[in-house]
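Laboratory data are not the source of any read-out in this text; all were calculated from the coordinates shown. Because the structure is a prediction, the values reported are computed rather than measured. Neighbour counts are summed over all protein chains in view; Cβ atoms, including those assigned to glycine, are modelled from backbone coordinates with ideal geometry.
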Amino acid sequence: MRHLMAPWCMVAGLLAATPVCAQSEPYISCSWVREYPKNRPPVVSIRAPNSASLSSGEPFALHLEAADPDGDKLYVTWGVEAGRISADPPDFRDAVWTLTGIAPGVYTLTLEVNDAHGCLVTAKRQLEVRP
């Protein structure tokens, strides 16, 4: 299951525009109710293994595909509910999720991408770890 939250953009601490978003796997697209912001949010997708292939104790490669329509530098934060995740600098787009010592179950992988100009996109994906 994938869950992509609507992007938002801040200008001087205030919401600059209200996005109306539609999900088209694996991307989201937005139109703006008010004035289109000068700084647009990044577009992201997570490439991760199929849940059927995840086994406790194994490492799995993850990859972020991201672009900023304004050409801004992107800052990436990965998060997992269990196990350990490590990402490679300088852009942290490739990561490895280590499942050593975690019990079988459904876990949420979270990714935040921001452009340091007030726009942030959060993507979440649930993956099932099997024994």
Going by average Cβ neighbours within 10 Å, how do the peptides 57-63, 91-97 rank, with the highest at the top? 91-97, 57-63
Please report the net charge: other residues with Cβ closer than 13 Å to the Cβ of Leu120, K and R +1, D and E -1. -3
I need the GluC sites (Glu not before Pro) found in the stretch 62-131, filtered to DSSP loop residues with at most 15 other beta carbons within 10 Å of theirs. Glu81
